[in-house]
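What follows is a set of notes on a single structure, which appears directly below.
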Amino acid sequence: MRTPSVLFIAGAYSPEISAAGLQCQAVAQVLRGRARMSVLATAVDPSLPETSVVDDILVRRVRVDVRSGTSKAGATIRMVRALAGVLRGVDLVHLHGVSQKNVPVAVTARLFGKPWVLTLHTSGQDELQAVGSLGRLADWAFRAAKLILPVSPNLVRRCEEAGVPPSRIRLTPNGIDLDRFRPAPPSERVALRREFGWCEDERVVVFVGFFSRDKRPDLLFHAWTRMVERGIRAKLAYIGATASPYFEIDQTMAQEIRAGAVAMGRADDVMFVPPTHAIERYYRAADVFVLPSIREAHPVALLEAMACGLPCVASRIDGATDIVLEDGINGRLVERDDEPGLVAALTEVLSSDERARALGKQARRTIETRYDIRHTAEQWLAAYTTVLQ
């Protein structure tokens with residue numbers, strides 16, 4: 001078969017950060033020369049150009065203010081126009097996630113005779129059970145995808161429960177660039193910690209993600225507070241968006257955490273880092289990664305931290321974190337919203353360098369074996385081949 005031309009459609013793309021956009025960016029590099037990729041994405045940053053080239057990939061952006069219904073309606077029209085301008089030159093559309101753009105994208109692709117593949121990234125959102133409330137067209141746009149690629153078993157199960165034929169579902173986990181995300185040699189780790197202002201004799205706990213109630217950054221803060229009260233010296237580093245026009249983010253959470261740290265006299269021990277394209281540097285310098293979420297599908301941040309050889313503590317989420325972490329072997333799992341359990345797991349990891357190294361080593365091995373980005377790229381390419389046959 002000739003080299004396929006694929007149009008990625010995502011909610012955000014570099015330099016804006018999203019899990020779906022990061023996967024597209026990484027896979028495009030792996031498939032360079034074997035598939036021709038281009039991108040159409042929405043963008044909330046009004047300073048971004050409508051067209052640019054990122055890593056040799058042409059990216060078109062449709063600007064939108066997600067707080068404005070008028071802006072979103074206008075963005076839908078501009079999205080359809082952009083699609084009409086590019087679809088003749090592509091073989092298929094790879095749509096990422098479920099949102100308001102799925103219906104216009106699916107309708108336009110159908111009018112141009114282009115098949116589409118749908119990747120499901122988010123539990124509770126990218127599910128037919130949730131889509132059904134949006135109406136018949138939304139349900140059709142989901143079911144009409146030639147192949148559906150859920151990133152986790154829990155999303156596979158939800159598809160099957162909604163009546164999607166198993167032949168059209170392919171479990172396709174997220175992948176990690178093992179060269180970018182790697183453990184740090186001692187000299188690099190020392191240099192990074194010095195750059196971040198982290199002393200060698202103190203532990204650093206890192207959280208990566210935007211501040212939503214589902215991500216539970218406040219639960220981590222409460223657990224950290226209890227550890228400090230027990231005499232365990234550790235810094236807490238939050239990396240991610242604390243404020244945003246997106247509805248998921250609760251801007252009061254960071255304010256409450258800052259105020260709590262000040263009240264403890266520990267303001268200098270809690271740091272906030274904006275979203276960064278150099279996230280791997282923080283993983284390589286930290287001592288433990290925590291994912292306290294109550295809702296996830298296949299968390300990329302967890303995979304990234306594991307690839308960097310970082311011992312990880314995560315909430316147990318059926319078909320999501322429990323398929324990645326084996327408790328006590330390559331990380332620690334605690335029950336959701338279990339603050340005492342989180343304190344105990346963190347204390348265990350932070351109290352023993354030998355234990356932390358063993359968990360981190362096994363974590364890296366898990367990613368090398370099961371979640372290499374090259375595996376993900378091959379699965380995407382195989383899906384394209386199937387659809388275009």
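The values are calculated or read from the model by the stated rules, or taken from the named source; none is laboratory data. None of the values given here were measured: they were computed from a predicted structure. So basically every Cβ, Gly included, is an ideal-geometry build from the backbone, and we count neighbours across all protein chains shown.
Within segment 167-188, can one find any residue that is hydrophobic (A, V, I, L, M, F, W, C), under 28 Å from Thr242 (Cβ atoms), free of Cβ contacts under 8 Å to residues at least 60 places away in the same chain and assigned to a loop (DSSP other than H, G, I, E, B)? No, there is no match, as no residue in segment 167-188 is hydrophobic (A, V, I, L, M, F, W, C), under 28 Å from Thr242 (Cβ atoms), free of Cβ contacts under 8 Å to residues at least 60 places away in the same chain and assigned to a loop (DSSP other than H, G, I, E, B).
Just one of the listed residues (Val66, Val59) is β-branched (Val, Ile, Thr) and farther than 21 Å from Pro274 by Cβ, namely Val59.
One residue stands out among those in segment 108-143 that are at pLDDT 95 or above and of a type in the set (S, T, N, Q): the one that is nearest to Gln389 (Cα to Cα), which is Thr119. So which residues in segment 290-326 are over 15 Å from the mean Cα position of the chain (by Cα) and either aromatic (Phe, Trp, Tyr) or under 21 Å from Val190 (Cα atoms) (or both)? Within segment 290-326, Cys308, Gly309, Leu310, Pro311, Cys312 meet the criteria.
What are the residues in segment 300-332 that are without any contact (Cβ under 8 Å) to a residue 24 or more places away in the chain and closer than 17 Å to Tyr238 by Cβ, if any? Of everything in segment 300-332, just one residue is without any contact (Cβ under 8 Å) to a residue 24 or more places away in the chain and closer than 17 Å to Tyr238 by Cβ, namely Leu302. Of everything in segment 226-236 that is surrounded by fewer than 20 Cβ atoms within 10 Å (Cβ to Cβ) and on the phi < 0 side of the Ramachandran plot, the residue that is nearest to the chain's Cα centre (by Cα) is Ala234.
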